[in-house]
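Chemist: Here it is: the structure, laid out below.
Computed from the coordinates by the stated procedures, all read-outs in this text should not be read as laboratory data. Source: prediction; values computed, not measured. No Cβ is skipped: glycine too gets one built from the backbone with ideal geometry, and neighbour counts run over all protein chains shown.
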Amino acid sequence: MKVEFVDLAAQYKEIREEVDAVIADVINTSAFIGGRYVKEFERRFAEYAGAKFCVGVANGTDAIYLALRSLGVGAGDEVITAANSFIATSEAISQTGAKVVFVDCDKETYNIDVSKIEAVITGRAKAIIPVHLYGRPADMGAILKIASARGVAVVQDAAQAHGAEVGGVKIGAIGDCACYSFYPGKNLGAYGDGGAVVTNDEKFALHLRMLANHGRKDKYDHEFEGVNSRLDGLQAAVLGVKLGRLDGWNERRRKIAEYYTRELDGVVVTPRVDEGVKNVYHLYVARVENRTQIAGELKERGVSTGVHYPIPLPFLNAYKYLGHRPEDFPVSHEYKDRLLSLPIHGSMTDGQVEYVVEALKGALKKFPAV
Ligand SMILES: *Cc1c(COP(=O)(O)O)cnc(C)c1O
């Protein structure tokens, strides 16, 4: 049997007729930039994410960058984020001219360790970017409390967390805003790049929309210089079709995660499950010893796996200039060689899910933790 890590071809088979029809309609009506599909998707995605407003942008990295810019973040400021993320999070901070301040991750959730945030907040801090890593919401209660006490904004990196909730509330409803990516492999993915910012703050949304569209409200009436970062009509049309299926696909991911955890608990370290936290399992990340051998053995058996992420952000060459040492981020450092992402997506069959468990158990027998 073969199990792909992400299987967008299988997903397309489920939605082919609808997708082909809307793509043809975008082309027939020349609704390429702006237009009915973008407007309709923004309206529906705001509602889905639990917010009043949604601004479609070109990609998830831009979503974070534009959100920070619209909050007035720039040179001389500091923005705090998690050491364990994809580089897009910290790139967006640097793009504004602000300084990136990393915080180590929690031992059990792999999200930003909220007990270590206070220690790095200075008078220059303007925002915190919690990353809802692997689809699991960060500890938002604690983060919002720290942020409001210190007068800093909360910009959520929700690129892996479409549909996630805390305490029964969609994450788009909390903080200053939530930033999404529609990169093809995300829980809600376009057929190219795309992103969005959702917020309940109308003024912020209006400013962000102008910033993303050359600083204009009307065609040639530019209030300031912005950038060109728009969600295009073809992507919005595809996303609109997929949005109708997202809850179903997320539910399927959660069922697969439940099965993995039931079968693998005690064999590997499975993701922690907390009351009141709705994880949408963008990734199912297990902790193992002998990761290289186990991933190799799984590959032999036809199962693709991933590593998210092999090098914590502070240790990348890109951030050498910050002069961080392993002991500054002990948890991220300790786990960087142990985290292994198993295949999980909405189109996996029961047979595939069971096969992954059998293959992993076999690999662990061959390479036991000692
Ligand atoms: C995918 C991702 C992004 C960036 O999204 P793009 O659309 O690829 O720019 C940002 N943060 C995290 C955590 C991501 O996984």
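Chemist: In segment 31-142, what is the count of Lys pairs whose alpha carbons are under 29 Å apart, counting only pairs at least 8 residues apart or on separate chains?
Modeler: For segment 31-142, qualifying lysine pairs total 8.
Chemist: Report the Rg/Rh value for segment 210-282, based on alpha-carbon coordinates and the Kirkwood definition of Rh. Write out the running numbers ahead of the final one.
Modeler: Values: Rg = 20.9 Å, Rh = 16.2 Å.
That ratio is 1.29, to two decimals.
Chemist: Straight-line reach from Lys278: which lysines fall under 18 Å, measuring Cα to Cα and dropping same-chain residues less than 8 apart?
Modeler: Lys170, Lys186, Lys255
Chemist: Under Stokes-Einstein, with the Kirkwood radius over Cα pairs standing in for Rh, what whole-number D in µm²/s applies to the chain at 25 °C and 0.890 mPa s? Please report the intermediate quantities before stating the final value.
Modeler: Values: Rh = 21.2 Å.
Roughly 116 µm²/s, to the nearest whole number.
Chemist: Test of the criteria: in segment 190-299, which chymotrypsin sites (Phe, Trp or Tyr not before Pro) are in a DSSP loop and have at most 16 other Cβ atoms within 10 angstrom of their Cβ?
Modeler: The qualifying sites are Tyr220, Phe224.
Chemist: Quick check on segment 245-370: what does the Kirkwood estimate of hydrodynamic radius come out to from the alpha carbon pairs, in Å? Kindly include the intermediate steps, with their values, before the conclusion.
Modeler: On the way: mean 1/r = 0.0631 Å⁻¹.
About 15.8 Å, per the Kirkwood formula over Cα pairs.
Chemist: Right, another one. Going by amide H atoms built from the backbone, whose H comes under 5 Å of the H on Tyr183, apart from near neighbours?
Modeler: It is Gly60, Ala190, Gly194, by chain and number.
Chemist: What are the ³J(HN,Hα) values, in whole Hz, obtained from phi via the Karplus relation 6.51 cos²θ - 1.76 cosθ + 1.60 with θ = phi - 60°, for each residue of segment 123-128 in sequence order, with x given for Gly and Pro?
Modeler: Listing the rounded values in order: x, 8, 5, 10, 7, 10 Hz.
Chemist: With θ set to phi - 60°, apply the Karplus curve 6.51 cos²θ - 1.76 cosθ + 1.60 along segment 190-198 and write out the HN-Hα couplings as whole Hz, x wherever there is a Gly or Pro.
Modeler: 7, 9, x, 8, x, x, 7, 10, 10
Chemist: Less than 14 Å Cβ to Cβ from Asn28, Lys/Arg counted +1 and Asp/Glu -1: what total charge do the surrounding residues give?
Modeler: Local charge sum for Asn28: -1.
Chemist: Tell me which aspartates and glutamates have Cα within less than 16 Å of Lys203's Cα, excluding those fewer than 8 residues away on the same chain?
Modeler: Asp176, Glu223
Chemist: How high is the relative contact order of the chain? Use alpha-carbon pairs under 8 Å, at least six apart in sequence, and give a whole percent.
Modeler: That works out to 22 percent.
Chemist: Same structure, new question: Roughly what would the spin-label model give for Arg245 and Tyr12, points 7 Å off Cα along C-beta, in nm?
Modeler: About 1.2 nm, to one decimal.
Chemist: Continuing with the same structure: Kirkwood Rh and Cα-based Rg: tell me the resulting Rg over Rh for segment 1-118, rounded to two decimals.
Modeler: That ratio is 1.08, to two decimals.
Chemist: What longest region of the chain stays clear of GluC sites (Glu not before Pro) that DSSP places outside H, G, I, E and B and that have at most 15 other Cβ atoms within 10 Å? Mind showing how you got there, number by number?
Modeler: Numbers: sites that count: Glu108, Glu223, Glu225, Glu275, Glu289.
My reading of the result: 109-222 is the longest stretch.
Chemist: Project the alpha carbons of segment 2-64 onto their principal axes and report the range along each, largest first, in whole Å.
Modeler: Computed over segment 2-64, the largest-to-smallest principal extents equal 41, 32, 21 Å.
Chemist: Can you compute 3J(HN,Hα) from phi for each residue in segment 53-58, using the Karplus curve 6.51 cos²θ - 1.76 cosθ + 1.60 with θ = phi - 60°, rounded to whole Hz and x for Gly and Pro?
Modeler: 10, 9, 10, x, 9, 6
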